[in-house]
Structures are given as structure tokens and as C-alpha cells.
Amino acid sequence: MTGLNTLLFLGLGAQELLLIALIVLLLFGGAKIPELMRGLGKGVKSFKDGMKEVDDEVKKDEK
């Protein structure tokens with residue numbers, strides 16, 4: 001069993017994730033982070049919509 005400090009996210013520990021979060025905060029500033037996350041969410045939604053369209057086209061061609 002792994003220790004409490006080791007997270008199952010790409011094998012990164014809590015200290016590494018904290019360091020990455022601190023670097024992101026320093027680079028982008030606190031006000032810019034929500035805007036970046038909003039953009040990331042829109043990108044994921046757009047990707048999912050595109051995948052759904054492809055699945056619909058494949059199902060339509062199978063009929």
C-alpha cells in the first residue's frame with residue numbers, strides 16, 4: 001500500500017502538486033485562474049460535443 005502523501009494522479013505526491021499549483025498561481029495570478037478554468041471547461045465541452053457528432057454520424061451510416 002502506498003503512503004498518504006502519494007496520490008494516484010500520475011504518480012505525483014502532495015508536495016509536487018502543491019508546487020505546481022504555486023507556480024501556476026505565480027504565472028497567471030489569482031484573477032486569471034478562474035478565466036483559464038472556464039476556457040478549459042468550454043474546450044472539454046466542445047470536444048465532447050464533437051465526439052457525440054462523430055458517434056451520431058457513425059450510427060447514421062450503419063443504418
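Since every read-out is calculated from the coordinates, none of them should be taken as a lab result. In this text the structure is predicted, and so the values were computed from the model without any measurement.
List of remarks:
- Lysines whose Cα lies under 19 Å from that of K32, excluding same-chain neighbours fewer than 8 positions away: K42
- Taking the centroid of alpha carbons for each part, segment 13-29 and segment 30-62 are 26 Å apart.
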